[in-house]
1. Taking a ≥ b ≥ c as the square roots of the Cα gyration tensor eigenvalues, with a/c under 1.5 meaning rounded and otherwise prolate when a/b beats b/c, else oblate, which class fits the stretch 5-193?
2. Defining a contact as two alpha carbons under 8 Å apart and six or more residues distant in sequence, what relative contact order in percent does the stretch 5-193 show?
3. Hand me the tally of lysine pairs in the stretch 5-193: alpha carbons under 17 angstrom apart, and the pair either on different chains or 8 or more positions apart.
4. Ranked by Cβ crowding within 10 angstrom, fewest neighbours first, how are TYR77, TYR161, TYR187, TYR19 ordered?
5. Could you calculate the FRET efficiency of PHE24 with THR102 from 1/(1 + (r/R0)^6), where r is the beta carbon distance between them and R0 is 22 Å, rounded to 0.05?
Amino acid sequence: MCGGFKFSKNALIALNILYILVGFILIGVATYGKAANLVTSLPIIGGIVACGIFLLVIAIMGLIGAVKHHQVLLFFYMVVLFILFVIQFAIACACLAVNSDTQKTLAAAGWDNADNATREDVQNAFQCCGFRNITEDESCTQKCPLCNIPCESKLETMINYGFRVSGGIGLFFSFTEFVGVWLTVRYRNQKDPKGHPGAFL
């Protein structure tokens, strides 16, 4: 029966399996990026791995709660998922609403706060030197004679695209989290037809 106990249970299990897969993908991408020397910045790699592990822990907690119909686990899972939904929805909306001037300001702040390894990765990948002008990094122009364009102009389109894609993906996953919260609330309040009548809290 659609919307019944079994449907809610299976839907919640499927959603958490999806989150587990996404968590493994995040960890795998970060590991591959480090192994292939695509990204040498440890904070970036560490951040992606931490997100993947956090998502795995939450998904496993939700999966165990769904399989066992465990009221306490489902409650904490629901609360954490709702907090994630609010944060991710707000960030996704901000990414989609930000204008080009703000994007440039944020990119400049990110460049200033980035370590040398991250800057070198960007300069090598996009064949550019410095952020606003090529004289910012003299060692870069010596290493790469063809890098005669500042990175800001090369990255402008990529930054805009990145904001749009990040906002879209964040919005999509925030709605899956909202569906997860709704399913959890519904599932917690349903009686297991095969369970003992006195076992429901």
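Throughout, read-outs are computed from the coordinates displayed, never taken from laboratory work. Model, not experiment: these values are computed from the prediction. Cβ atoms come from the backbone with ideal geometry, glycine included; neighbour counts cover every protein chain shown.
1. On the way: a/c = 3.85, a/b = 2.42, b/c = 1.59.
Judged from the Cα gyration tensor, the stretch 5-193 comes out prolate (a/c at least 1.5, a/b above b/c).
2. Values: 200 pairs, mean separation 53.5, N = 189.
Worked out over the stretch 5-193, it gives 28 percent.
3. Working: LYS6/LYS68; LYS6/LYS191; LYS9/LYS68; LYS9/LYS191; LYS68/LYS191; LYS104/LYS154.
Count of close lysine pairs: 6.
4. Details: TYR77 26, TYR161 10, TYR187 19, TYR19 22.
Exposure proxy ranking, most exposed first: TYR161, TYR187, TYR19, TYR77.
5. On the way: r = 34 Å, r/R0 = 1.54.
E between PHE24 and THR102, to the nearest 0.05, is 0.05.
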